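K.L.:
Structure below; questions to follow.
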Amino acid sequence: MSLVGIAAKRIVTCDVSRATPDNPLAVVEDAAVLYDEHSISWIGPRAAAAVTPGLIDAHTHSAWAGSRHDEYALRMAGADYRAIAAAGGGILSTYRAVTAASEETLALELAARLRRMAELGVTTVEVKSGYGLEPDGERKQLRAIARARADASLPSVVATYLALHALPESARGSRDYYVLRASTSMVQEVAQQKLAQFVDAYVDEKAFTVDEARLVCEAARRAGLGVRLHIGQFADIGGAQLCAEVGARSADHLEHIDASGIDALAKSGTLATLLPVASFTLRQDPPPVAAFREAGVGMVVASDANPGTAPTESLPLAMALSVPMYGLTPTEAILGATRNAALSLGLAGHGVSRPRGTLASGARADMVVWDLPHELAILQPWGAPKTHLVLRKGRPIAGSAHSR
Ligand SMILES: [Zn+2]
């Protein structure tokens, strides 16, 4: 049975811990009570709580191992992202840590991270591979992600095969073969084994070209998988046009995109997934948010959780930064982490049963009861979990009122 809620003018709790000499029956006025078939989960004054759809983090690299604190210090001292990458840091540093870790370790680290995300009100998380780089490493990472997907006590997981993220040292002399293998046998295998719902590639000046990414996008479509792409983080090399051409659900980063790229996204209905924590760490200028708004490009806000450029697990932090840094309105930030995030993951929209990201009849019972007086306050208590109760499919998975 799902969780059920009742609101009433007076809830007479008879609870000794709430009772006072003036209120011996411990009545909570204008209150709500939530319960399932086993027990009451929460009682409190309605005025003290806001209820929203469960937050959806539509872009994370959260299946990592290791730590890049040394690199962070270098970066803050002025070292450039691409210089760090060229020296074997960045993605390649996490590649080495993931290569050395067992599937079990990766699964445990990911589960712990997802549990902390749930405490912040997140009920669905997109998790990318992309630190395995070689087929065996990618398989290991995707299997670790699949373990988290099977665990109903964690937020729901949407898995993405990040087919082209960085070129490992071993493939320096065989780039074409590396891209071809990713876009043929690997995409097919991932689809057949249902290890991912989406395929992704990092399209940028010093990453992969539009032509290389097109190969994996076309393979994804043939295999029945969705496409989402990293584009325009450092340079506009035509990634938005590729997104439109292959029907990508989501174009992510977008610090660099020109008017024709914005037009392409608007026409194809591709959502713009914005990652302010990465811009913050890299001290970048914001994406052209006003132009997205004007063109009618739907905006998503995501954490980009990764050990290098977005060392956070907090979607509420990304939402908070998106307002002063990017110029989103607080309302846009909330929609970007609920309804639009669900759309970008194919979890809402035409023909989707039990849609997420909205509270409506027929929607999945993914909800958060916040210990906040108003939904706009989700953007304010930075870094602090302010959740009473976090429900996935009507069952508590986190929150101060959730006892494990
Ligand atoms: Zn990313």
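The values are calculated or read from the model by the stated rules, or taken from the named source; none is laboratory data. All values reported here derive from a predicted model rather than from experimental measurement. Heads up, the Cβs are rebuilt from the backbone with ideal geometry, glycines too, and the neighbour counts pull from every protein chain shown. Each accessible area value is taken on the protein alone, full model and side chains, heavy atoms only, with ligands, DNA and RNA left out. Shrake-Rupley method; radii C 1.70, N 1.55, O 1.52, S 1.80 Å.
K.L.:
Out of all the residues in the stretch 365-399, which are part of a loop (DSSP other than H, G, I, E, B), open to solvent by 30 Å² or more (accessible area, probe 1.4 Å) and closer than 23 Å to VAL323 by Cα?
P.N.:
Residues satisfying the conditions are ASP371, PRO373, HIS374, GLN380, PRO381, TRP382, GLY383, ALA384, PRO385, LYS386.
K.L.:
On to the next question. Which pairs have Cβ atoms under 7 Å, sit 6 or more apart or on different chains, and link a residue in the stretch 269-284 that is open to solvent by 10 Å² or more (accessible area, probe 1.4 Å) to one that is charged (D, E, K, R)?
P.N.:
Once the first residue is open to solvent by 10 Å² or more (accessible area, probe 1.4 Å) and sits in the stretch 269-284, its partners that are charged (D, E, K, R) give LEU271/ARG249; GLN284/GLU255.
K.L.:
Could you run through the stretch 186-208 and say how many residues are open to solvent by less than 60 Å² (accessible area, probe 1.4 Å) and closer than 28 Å to GLU255 by Cβ?
P.N.:
12
K.L.:
Can you name the condition, by its number, that LEU274 falls short on among (1) of a type outside the set (Lys, Arg); (2) closer than 21 Å to ALA73 by Cα; (3) within 13 Å of the ligand (Cβ to nearest atom)?
P.N.:
Result: LEU274 passes all but (2).
K.L.:
Between a residue in the stretch 387-404 that is modelled with pLDDT of 90 or more and any residue that is basic (Lys, Arg), which pairs come within a Cβ distance under 8 Å, given they are 6 or more apart or on different chains?
P.N.:
Partner pairs satisfying both residue conditions: LYS393/ARG364; ALA398/ARG115.
K.L.:
May I pose another question? Considering (1) farther than 18 Å from SER62 by Cα; (2) within 16 Å of the ligand (Cβ to nearest atom); (3) open to solvent by 10 Å² or more (accessible area, probe 1.4 Å), say which one PRO311 fails and leave the rest.
P.N.:
(1)
K.L.:
Moving to a separate point now. Quick one: in the stretch 215-227, of everything that is more than 20 Å from GLY269 (Cβ to Cβ) and either within 16 Å of the ligand (Cβ to nearest atom) or part of a loop (DSSP other than H, G, I, E, B) (or both), which residue is nearest to the chain's Cα centre (by Cα)?
P.N.:
Checking each candidate, the answer is VAL216.
K.L.:
Find the strands (runs of 3 or more DSSP E) located wholly in the stretch 21-110 whose residues include 2 or more that are at pLDDT below 90 and more than 16 Å from the ligand (Cβ to nearest atom), and list them.
P.N.:
Result: 27-35, 40-45, 50-53.
K.L.:
With SER183, SER156 as the choices, which residue is surrounded by 22 or more Cβ atoms within 10 Å (Cβ to Cβ), under 24 Å from VAL301 (Cα atoms) and away from the ligand (no atom under 16 Å from the Cβ)?
P.N.:
Among SER183, SER156, only SER156 is surrounded by 22 or more Cβ atoms within 10 Å (Cβ to Cβ), under 24 Å from VAL301 (Cα atoms) and away from the ligand (no atom under 16 Å from the Cβ).
K.L.:
Determine if the stretch 169-178 includes at least one residue that is within 20 Å of TYR95 (Cα to Cα) and within 16 Å of the ligand (Cβ to nearest atom).
P.N.:
no
K.L.:
Tally the residues that are surrounded by 16 or more Cβ atoms within 10 Å (Cβ to Cβ) and not in a helix (DSSP H, G or I), restricting the search to the stretch 159-180.
P.N.:
10
K.L.:
Every residue in the stretch 233-247 that is small (Gly, Ala, Ser) and either open to solvent by 10 Å² or more (accessible area, probe 1.4 Å) or in contact (Cβ under 8 Å) with a residue 40 or more places away in the chain (or both), please.
P.N.:
Within the stretch 233-247, ALA235, GLY238, ALA244, GLY247 meet the criteria.
K.L.:
Another question, then. Specify which of the listed residues (ASP258, ASP304) is under 18 Å from the mean Cα position of the chain (by Cα) and of a type in the set (D, E, K, R).
P.N.:
Exactly one residue qualifies, and that residue is ASP304.
K.L.:
Further, regarding this structure: Examine the stretch 6-16 for a residue that is more than 30 Å from GLY308 (Cβ to Cβ) and small (Gly, Ala, Ser), and state whether such a residue exists.
P.N.:
yes
K.L.:
Within the stretch 51-74, can one find any residue that is closer than 27 Å to ARG364 by Cα and open to solvent by 30 Å² or more (accessible area, probe 1.4 Å)?
P.N.:
yes
K.L.:
Across the stretch 118-158, what is the total count of residues that are free of Cβ contacts under 8 Å to residues at least 24 places away in the same chain and in a loop (DSSP other than H, G, I, E, B)?
P.N.:
Residues meeting the conditions: 1.
K.L.:
If you scan the stretch 192-214, which residues turn out to be away from the ligand (no atom under 16 Å from the Cβ), under 25 Å from ALA240 (Cβ atoms) and in contact with a Leu (Cβ under 7 Å, 6 or more places away or on another chain)?
P.N.:
Within the stretch 192-214, GLN197, VAL210, GLU212, ARG214 meet the criteria.
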